[in-house]
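Enquirer: What follows is a single structure, and I will ask about it in a moment.
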Amino acid sequence: MDTDTPDELLSEFRERRLGVWGVLQITAGTGLAVYAMWAGILMPGFRKVPLRLQVPYLPASRTQVRNVISLLHGRSGALADLGSGDGRIVLEAYKQGFSPAVGYELNPWLVRLANFHAWRAGYYGKVSYRQEDLWKVDLSRCKNVTVFLAPSVLTLLQEKLLAELPDDALVVAGRFPFRDWTPFQVEGEGVDRAWAYDMQALRQHNKPGVDIDSLQS
């Protein structure tokens, strides 16, 4: 298994050229003057989000989306995308049979962009994008979870996932892996790589060890 660190993946990602459409979407996601007005005036609550939890918007490539969906092969049911951005993961998951497919995104402009993509693809109303803080979302019934988030956020998010997700849940991370977790399957190379994590296996691995001496006494 490759051992690229999140720092190495971040360096590789920075060197990748973005297409015109990618630049336009990043512009929409970062917001320019309108977004600055929203964050600073219209939505002051956003300023309460710690800087390390604010995730910059970078659209997933087609290869990244394909790798994430490949790791979900053979599964079904509901899917939640945490920090769903422009909604492309949710949209593709729905096309592959996941329902309901829901994206959680704090940025209202990205929620609008996601709904636009769904409308243009003919799936408006069939997928759901909610302007909600992912830290406040109840994940106790989620069995398929996808995330495209920064390493600093993933380190904190793994605690929430371990505490709330059912044992039969699968978590797929794109672009960056969970630093403290061991994936059971990896798809793709470099910044397009995706990692799949089985919650039951992770919990078994994290269980306190048994004191053999105490059993023999």
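The values are calculated or read from the model by the stated rules, or taken from the named source; none is laboratory data. Quick caveat, the model's predicted, so the values are computed rather than measured. Cβ coordinates were reconstructed from backbone atoms using ideal geometry, including for glycine residues, and neighbour counts include every protein chain displayed. For the accessible areas, the whole protein counts, side chains as well, though only heavy atoms, and no ligand, DNA or RNA atoms are used. Shrake-Rupley method; radii C 1.70, N 1.55, O 1.52, S 1.80 Å.
Enquirer: Filter the stretch 70-103 for residues that are crowded, with 22+ Cβ neighbours inside 10 Å and among the aromatic types (Phe, Trp, Tyr) and give the result.
Expert: PHE98
Enquirer: Can you tell me which residue among LEU149, LEU156 is at pLDDT below 95 and not in a helix (DSSP H, G or I)?
Expert: LEU149 is the lone residue from the list that is at pLDDT below 95 and not in a helix (DSSP H, G or I).
Enquirer: May I pose another question? Say we look at the stretch 193-205 and pick out the residues that are open to solvent by 20 Å² or more (accessible area, probe 1.4 Å) and of a type outside the set (Lys, Arg); which of these is farthest from GLU164 (Cα to Cα)?
Expert: Filtering first and then ranking leaves HIS205.
Enquirer: Return the only residue of ALA60, ALA80 being modelled with pLDDT under 95, closer than 15 Å to GLY174 by Cα and among the aliphatic types (A, V, I, L, M).
Expert: Every option except ALA60 fails the conditions.
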